[in-house]
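Participant: One structure follows; several queries about it will come next.
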Amino acid sequence: MIRLAQTSDLEAVNTLLRQVLAVHHAGRPDLFRAVGKKYDDAELLEIFANPETPVFVYEDDGKVLGYAFCVIKKEGSGSLMPITTLYVDDLCVLEEARGRHIGKSLFEYVKEFAREQGCHNITLHVWECNPIAKAFYATLGLQPQYTSLELIV
């Protein structure tokens with residue numbers, strides 16, 4: 001079952017956030033801390049309560065096995081067309097539940113939600129140090145929109 005996150009999902013979401021951090025820290029320890037999480041509990045509860053930042057969880061037999069953090073963005077100014085974008089801020093499946101198509105199910109749910117909201121597109125960022133995620137998103141039909149470059153000085 002896929003549904004909106006609730007207060008009672010806080011610890012399960014925290015577990016997933018820590019798993020995401022571990023992947024990012026392994027790939028870019030110069031940017032990501034070894035321990036911590038992207039949001040503290042108060043921030044998570046605010047995100048859960050905000051209709052502009054829906055968090056969908058995949059639940060099976062009472063256990064949260066994955067999530068998709070989303071942000072509805074109204075974009076367009078100057079030379080950009082006015083569009084509504086659904087930005088996927090984070091998508092994660094519990095490590096021991098991977099390979100069961102939970103990520104694909106979450107993304108398909110998010111895609112239908114975006115259509116219902118009248119969104120023009122879905123965007124997300126993938127770190128170059130995460131080739132598994134890059135390959136996963138490619139199988140779902142996502143294509144690069146632009147490239148962000150860096151030079152470490």
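The values are calculated or read from the model by the stated rules, or taken from the named source; none is laboratory data. Just so we're clear, the structure is a prediction, and the values are computed from it rather than from any experiment. Backbone-built Cβ (ideal geometry, glycine too); neighbour counts: all protein chains shown. Accessible surface areas use protein heavy atoms only, side chains included; no ligands, DNA or RNA. Shrake-Rupley method; radii C 1.70, N 1.55, O 1.52, S 1.80 Å.
Participant: In Å and whole numbers, how far do the C-alpha atoms of the stretch 36-117 stretch along each principal axis, longest first?
Facilitator: If we take the Cα atoms of the stretch 36-117, the spans are 46, 29, 20 Å.
Participant: Could you give the length gained on full extension between Glu43 and Glu112, defined as 0.36 nm per residue of separation minus the Cα-Cα distance, in nm?
Facilitator: 22.2 nm
Participant: Another question, then. Please identify which residues in the stretch 52-66 have an amide N closer than 19 Å to a label point set 7 Å out from the Cα of Glu11, following the Cα→Cβ vector.
Facilitator: The answer is 57-66.
Participant: For the chain, what does -39500 (n - 2.57) per DSSP helix run (n ≥ 4), summed and divided by total residues, give at 222 nm, in deg cm²/dmol to the nearest 500?
Facilitator: Value at 222 nm, helices only, nearest 500: -10500 deg cm²/dmol.
Participant: Between Met1 and Glu150, what is the spin-label point distance in nm, taking each point 7 Å from the Cα along the Cα→C-beta axis?
Facilitator: Label at Met1, label at Glu150, 4.0 nm between them.
Participant: Where the accessible area of the chain is counted over protein heavy atoms with a 1.4 Å probe, how much of it, in %, is carbon and sulfur?
Facilitator: About 55 percent, which is the carbon plus sulfur part of the accessible surface.
Participant: Report the calculated FRET efficiency for Thr139 and Asp60 (r = Cβ-Cβ distance, R0 = 22 Å), to the nearest 0.05.
Facilitator: 0.50
Participant: While we're here: Could you work out how far the C-alpha centroid of the stretch 127-153 sits from that of the stretch 104-124, in angstrom?
Facilitator: What the calculation gives is 19 Å, centre to centre.
Participant: Hey, any idea what the orientation-averaged projected area of the convex hull of the stretch 1-82's Cα atoms comes to, in nm²?
Facilitator: Convex hull of Cα atoms, orientation-averaged projection: 7.5 nm².
Participant: Work out from phi, with θ = phi - 60° and the Karplus expression 6.51 cos²θ - 1.76 cosθ + 1.60, the ³J(HN,Hα) of each residue of the stretch 55-68, listed in order in whole Hz, and give x for Gly and Pro.
Facilitator: Computed from phi, the couplings for the stretch 55-68 are 10, 9, 10, 9, 10, 9, 6, x, 10, 6, 10, x, 8, 9 Hz.
Participant: Further, regarding this structure: Pick out, in residue order, every one of the chymotrypsin sites (Phe, Trp or Tyr not before Pro) in the stretch 48-153 that is DSSP loop and has at most 13 other C-beta atoms within 10 Å; say none if there are none.
Facilitator: Taking the stretch 48-153 and a limit of 13 other Cβ atoms within 10 Å, the loop chymotrypsin sites (Phe, Trp or Tyr not before Pro) found are Tyr146.
Participant: Among the GluC sites (Glu not before Pro) within the stretch 1-57, which fall in a DSSP loop and have no more than 13 other Cβ atoms within 10 Å of their own Cβ?
Facilitator: Glu52
Participant: Moving on to the next point. Give me the accessible area per residue for the chain, probe 1.4 Å, as a whole number in Å².
Facilitator: Result: 63 Å² of accessible area for each residue.
Participant: Let me understand the chain better: what is its radius of gyration from the alpha carbons, and its Dmax, in angstrom?
Facilitator: Over the chain's Cα set, Rg and Dmax evaluate to 15.7, 49 Å.
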